[in-house]
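Structure first, then comments.
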Amino acid sequence: MTDLKSMMPEELEVYFKELGQPRFRAMQVFRWLHQGVESFSEMTNLPHALRERLETECVLTVPRVERKQVSKLDGTIKYLWRLGDGNCVETVLMRYKHGNTVCVSSQVGCNMGCVFCASTLGGKVRDLTPAEILDQVIFTEKDSGETVSNIVMMGIGEPLDNFDHVLRFLSLINHPDGMNIGMRHISLSTCGLVKKIDKLAQLGLQLTLSVSLHAPDDETRSQLMPVNRAVGVDLLMDTCRRYFETTGRRISYEYAMVEAVNDSDEQADRLAELLRGQPGHVNLIPLNEVAESPLKPSRRVRQFQQRLESRGVTATVRRKLGGDIDASCGQLRRRRILEGETHTPEEGLT
Ligand code: SAH
């Protein structure tokens, strides 16, 4: 089955040419797909016979709302989507003064094993296709009636572990005849896969790279993030420096603050030392508690921020949105799995 929604217009042109169709079909179909049609029969400017042919030869991904939670505090909406094969992923719509941001997932589950994260508890089930990543934005707009102006790839999964599909998603969402979201309105967060960061740097995209640092030393970071055992903080920081030199884009470092693990004054000092001489920004995230983990949120977030600032590092504290609906990703899918379902492939993974 051909996945037309994962194709760029040039590829659709080739596809329709092979079907003996005029060139403009490609753009007609591209536009329909990016508007979130739910069947080929909705593509009313296509000949009937062609619509029927697409129906039999192509897959049209349509995520179904499995669960939707709306925060009473700030209007944050969290979707749990059920995909065509029964797997579920999460998307969060956040409302800011400067516009709506959507946080998308890139994989079903995750293999990175960070100990504080709900998304990785059952491992990775599979990568999402470019269309399935794109659908999260299209169908969030469609369901909520809101326009999305910013994207953060901070949902379930490690985007750089699904490199090709994520890159294609970025080209699709950036396309002027599609959602037309500019690269400067997109952030991509990684746990620090250095080879992939180098590969991304070569593309020179204007997106914002966020690196999940979470600790300034190998001992603490390896304890929180198994990925660090293979890479190490020094190599990661060298790679980040190179990324900045190549792209001119400053990196945002995420730092989830965990009580008595990474929140001491000494660690703030080490972090400041680590970032010296490179333009970066630290985003402090108060830890979201995950039921399966003994880790607790730090109560020293402000002190830690001030200590960084006094050493010349710009640091902000991430505002918590959707506090009443578990808005951090991974938790809704996780709960769904734990509740037990009769027909999902995730069953048995936990
Ligand atoms: N795989 C990507 C995206 C993960 S989610 C990455 O590792 O960056 C986006 C951010 O949320 C990451 O910085 C991640 O480490 C952080 N995060 C995950 N679980 C968290 C939790 N329970 N509390 C606070 N931050 C968390």
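The values are calculated or read from the model by the stated rules, or taken from the named source; none is laboratory data. Keep in mind that this is a model prediction, so the values were computed, not measured. Neighbour counts are summed over all protein chains in view; Cβ atoms, including those assigned to glycine, are modelled from backbone coordinates with ideal geometry. Please note that ligands, DNA and RNA were not included when accessible areas were found on the heavy atoms of the full protein model with its side chains. Shrake-Rupley method; radii C 1.70, N 1.55, O 1.52, S 1.80 Å.
Anything in the stretch 289-318 that is within 14 Å of the ligand (Cβ to nearest atom), open to solvent by less than 50 Å² (accessible area, probe 1.4 Å) and part of a loop (DSSP other than H, G, I, E, B)? List them, or say none.
Val290, Ser293, Leu295, Ser298
Just wondering, is there one or more residues in the stretch 259-280 that are open to solvent by less than 20 Å² (accessible area, probe 1.4 Å), within 14 Å of the ligand (Cβ to nearest atom) and in a strand (DSSP E or B)?
No - not one qualifying residue is present in the stretch 259-280.
Among the residues of the stretch 50-67, write down those that are among the charged types (D, E, K, R) and surrounded by 15 or more Cβ atoms within 10 Å (Cβ to Cβ).
Arg51, Arg53, Glu66, Arg67
Residues are listed down the side, and each one gets a yes or a no for (1) hydroxyl-bearing (Ser, Thr, Tyr); (2) under 24 Å from Thr76 (Cβ atoms); (3) buried (at least 17 other Cβ atoms within 10 Å of the Cβ); (4) away from the ligand (no atom under 14 Å from the Cβ):
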residue: Ser171; (1), (2), (3), (4): yes, no, no, yes
residue: Thr190; (1), (2), (3), (4): yes, yes, yes, no
residue: Lys196; (1), (2), (3), (4): no, no, yes, no
residue: Leu205; (1), (2), (3), (4): no, no, yes, yes
residue: Ala230; (1), (2), (3), (4): no, no, no, yes
residue: Arg249; (1), (2), (3), (4): no, no, yes, yes
residue: Glu254; (1), (2), (3), (4): no, yes, yes, no
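Quick check on my filter: what residues within the stretch 131-152 are more than 16 Å from Arg82 (Cβ to Cβ) and buried (at least 24 other Cβ atoms within 10 Å of the Cβ)?
Quick first cut of the stretch 131-152, residues more than 16 Å from Arg82 (Cβ to Cβ) only: 134, 137, 141, 144-152.
Passing the criteria: Leu134, Ile151.
Any chance you could count how many residues in the stretch 233-290 are in contact (Cβ under 8 Å) with a residue 60 or more places away in the chain and more than 21 Å from the chain's Cα centre (by Cα)?
1
Kindly provide the set of residues from the stretch 173-188 that are away from the ligand (no atom under 13 Å from the Cβ) and either in a loop (DSSP other than H, G, I, E, B) or not β-branched (Val, Ile, Thr) (or both), ordered by number.
Step one: of the stretch 173-188, the residues away from the ligand (no atom under 13 Å from the Cβ) are 173-186.
Once the filter is applied, which keeps residues that are away from the ligand (no atom under 13 Å from the Cβ) and either in a loop (DSSP other than H, G, I, E, B) or not β-branched (Val, Ile, Thr) (or both), the stretch 173-188 yields Asn174, His175, Pro176, Asp177, Gly178, Met179, Asn180, Ile181, Gly182, Met183, Arg184, His185.
Within the stretch 152-166, is there a residue that is within 23 Å of Met94 (Cβ to Cβ) and in contact with a Phe, Trp or Tyr (Cβ under 7 Å, 6 or more places away or on another chain)? Before you say what the answer is, go through the steps one by one.
Of all residues in the stretch 152-166, those within 23 Å of Met94 (Cβ to Cβ) come to 152-160, 162, 166.
When the remaining residues are screened for being in contact with a Phe, Trp or Tyr (Cβ under 7 Å, 6 or more places away or on another chain), the result is none.
No, there is no match, as no residue in the stretch 152-166 is within 23 Å of Met94 (Cβ to Cβ) and in contact with a Phe, Trp or Tyr (Cβ under 7 Å, 6 or more places away or on another chain).
Output the residue which, of all residues in the stretch 93-125 that are open to solvent by less than 20 Å² (accessible area, probe 1.4 Å), among the hydrophobic types (A, V, I, L, M, F, W, C) and more than 11 Å from the ligand (Cβ to nearest atom), is farthest from Asp161 (Cα to Cα).
Among residues in the stretch 93-125 that are open to solvent by less than 20 Å² (accessible area, probe 1.4 Å), among the hydrophobic types (A, V, I, L, M, F, W, C) and more than 11 Å from the ligand (Cβ to nearest atom), the one farthest from Asp161 (Cα to Cα) is Leu93.
Where in the stretch 63-118 are there strands (runs of 3 or more DSSP E), lying fully within it, with 3 or more residues that are at pLDDT 95 or above and closer than 15 Å to Thr140 by Cβ?
Ranges flagged: 64-70, 77-82, 88-96, 99-103.
Would you check if there is a residue in the stretch 133-146 being without any contact (Cβ under 8 Å) to a residue 60 or more places away in the chain and either in a loop (DSSP other than H, G, I, E, B) or touching an Asp or Glu at 6+ places or on another chain (Cβ under 6 Å) (or both)?
Of all residues in the stretch 133-146, those without any contact (Cβ under 8 Å) to a residue 60 or more places away in the chain come to 133, 137, 145-146.
From what's left, either in a loop (DSSP other than H, G, I, E, B) or touching an Asp or Glu at 6+ places or on another chain (Cβ under 6 Å) (or both): 145-146.
Yes, the stretch 133-146 has at least one match.
Can you name every residue in the stretch 153-169 that is open to solvent by 50 Å² or more (accessible area, probe 1.4 Å) and either in contact with a Leu (Cβ under 6 Å, 6 or more places away or on another chain) or within 13 Å of the ligand (Cβ to nearest atom) (or both)?
The first filter runs over the stretch 153-169 and keeps only residues open to solvent by 50 Å² or more (accessible area, probe 1.4 Å), leaving 154, 164-165, 168.
Scanning the stretch 153-169 gives a single hit, Met154.
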